[in-house]
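The values are calculated or read from the model by the stated rules, or taken from the named source; none is laboratory data. As the structure is a computational prediction, the values presented were derived from the model and not from experiment. Note: ideal-geometry Cβ built from the backbone for every residue, glycine included; neighbour counts use all protein chains shown.
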């Protein structure tokens, strides 16, 4: 029973890991066991003391076999960010609940067998020869593995006992602190809210939104039927020249939520506070709903009153398949919660690669994207470029539906409410942009920076704040940068503070567009067109 997790991880590793890593794994497992044996001395003590570690080792080995990697930081953030309601909900959906009985039986059997063992010494004369043989065997394995430092390190990291201790002893506590903003030094804004009463303000941070692929901006395919209707009825103000400050999420979102300029970001002069902090100081109850890399949020110390981070155990953001609609139940609870003013932020997957993972089958309206497997193959094979564009357009269609759910729920409110949508950056299409694909290029490329954006205001808000509604409509044709969003959303919420800059708020009649014409292309300042 003790050896089962180690044997299982070795068998699993044989399919995907180089032999030097496997040699390091086996050698580290033998040495780890010997060290534990030296500390405990008798068989009964060895197995009883090892029981918690054996459980951790089994969990890590099982996770690796199921998901193809040992649990790491993303899983730690997921576990620390999950609410009890989410955990119980996941358990309720678990189809293999019957496994709990055999698991309980195995754990009980382990403890019973351990207690029944006599106090025999581990290093008895009978076993001393076996111990020597095992130790001798580790020497050539260690020498062989040490010929490649990277493979040696990865092999030791594959040891489920070591991985388990690191995960539960270091990564989980670190993730707990990270989600609570303990690693970010903040400076109070000393903000206050002008006015009183209940208001609801919603900010949706989109992802990889190519403006030229949204029919509300003139694209020939009808990818945004709901937004087309809003524009026709003049229910939302669409920004004609919204431009991202950076073509990388890890830079673009912090810029949007802190208000720093691309020049400041290039010099790593990060702000010591964010929009959620500002809303809290202004008396708003805050919610942050994330179907994205939550590390982007924690990098600027976002700590909201309510955090939603739907589980998805894929280590890579590219393979994350959780749909944005998973945020809607929490959103509805927050938006319907009457009483105090509320700010609800949402960071969604939108149209992030892999595009065909971003929408359910019901939204497969354009083409057939089943042949697409990697971004590289899609960008080099001209016949697949069409499929790539089709999949992207379907993701836009789904985003349009998602925005409809958000706005129509907010429409039910009797109090002033706004919905602001701004993506982190754009996206290039290999079918429509001369072979360019994706984002994060090293030069300025319009499709990677020109984004769709809008502000929806209900009737109650327009009546309560006609000057702000008029200012947004007046500024809609001007170039609006993502760092302006910080100031504009604060302005919409009626929040002021000593460092406020009305000239950067497109909800102010004093707004002045940024004339520097500098943007961050893969983290480097470049000139625009």
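Just one of the numbered conditions (1) assigned to a helix (DSSP H, G or I); (2) within 26 Å of residue 474 (Cβ to Cβ); (3) in contact (Cβ under 8 Å) with a residue 12 or more places away in the chain is not true of residue 251: (2).
Per-residue answers, yes or no, for (1) within 21 Å of residue 8 (Cα to Cα); (2) out of contact with any strand residue (DSSP E or B) (no Cβ under 9 Å at 6 or more places or on another chain); (3) buried (at least 18 other Cβ atoms within 10 Å of the Cβ); (4) outside the structural domain of residue 120 (by TED's automatic domain parsing):
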{"residue": "22", "(1), (2), (3), (4)": "yes, yes, yes, no"}
{"residue": "27", "(1), (2), (3), (4)": "yes, yes, yes, no"}
{"residue": "31", "(1), (2), (3), (4)": "yes, yes, no, no"}
{"residue": "37", "(1), (2), (3), (4)": "no, yes, yes, no"}
{"residue": "45", "(1), (2), (3), (4)": "no, yes, no, no"}
{"residue": "48", "(1), (2), (3), (4)": "no, yes, no, no"}
{"residue": "60", "(1), (2), (3), (4)": "yes, yes, yes, no"}
{"residue": "76", "(1), (2), (3), (4)": "no, yes, yes, no"}
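Residue by residue through segment 473-504, note down the ones that are part of a helix (DSSP H, G or I), in contact (Cβ under 8 Å) with a residue 24 or more places away in the chain and exposed (fewer than 15 other Cβ atoms within 10 Å of the Cβ). Once the filter is applied, which keeps residues that are part of a helix (DSSP H, G or I), in contact (Cβ under 8 Å) with a residue 24 or more places away in the chain and exposed (fewer than 15 other Cβ atoms within 10 Å of the Cβ), segment 473-504 yields 473, 474.
Restricting segment 505-529 to residues that are over 28 Å from the mean Cα position of the chain (by Cα) and closer than 19 Å to residue 264 by Cβ, the residue that is surrounded by the most Cβ atoms within 10 Å (Cβ to Cβ) is 514. Going residue by residue through segment 186-197, is there one that turns out to be surrounded by fewer than 22 Cβ atoms within 10 Å (Cβ to Cβ) and under 24 Å from the mean Cα position of the chain (by Cα)? Yes, some residue in segment 186-197 is surrounded by fewer than 22 Cβ atoms within 10 Å (Cβ to Cβ) and under 24 Å from the mean Cα position of the chain (by Cα). One residue stands out among those in segment 379-395 that are more than 18 Å from residue 213 (Cα to Cα) and at pLDDT below 60: the one that is surrounded by the fewest Cβ atoms within 10 Å (Cβ to Cβ), which is 382. Tally time: how many residues in segment 254-265 are touching a helix residue (DSSP H, G or I) at 6+ places or on another chain (Cβ under 9 Å) and in a helix (DSSP H, G or I)? Residues flagged as touching a helix residue (DSSP H, G or I) at 6+ places or on another chain (Cβ under 9 Å) and in a helix (DSSP H, G or I) within segment 254-265 amount to 8.
Identify all residues within segment 269-306 that are within 13 Å of residue 346 (Cβ to Cβ) and without any contact (Cβ under 8 Å) to a residue 40 or more places away in the chain; write none if there are none. Hit for segment 269-306 is 306, nothing else.
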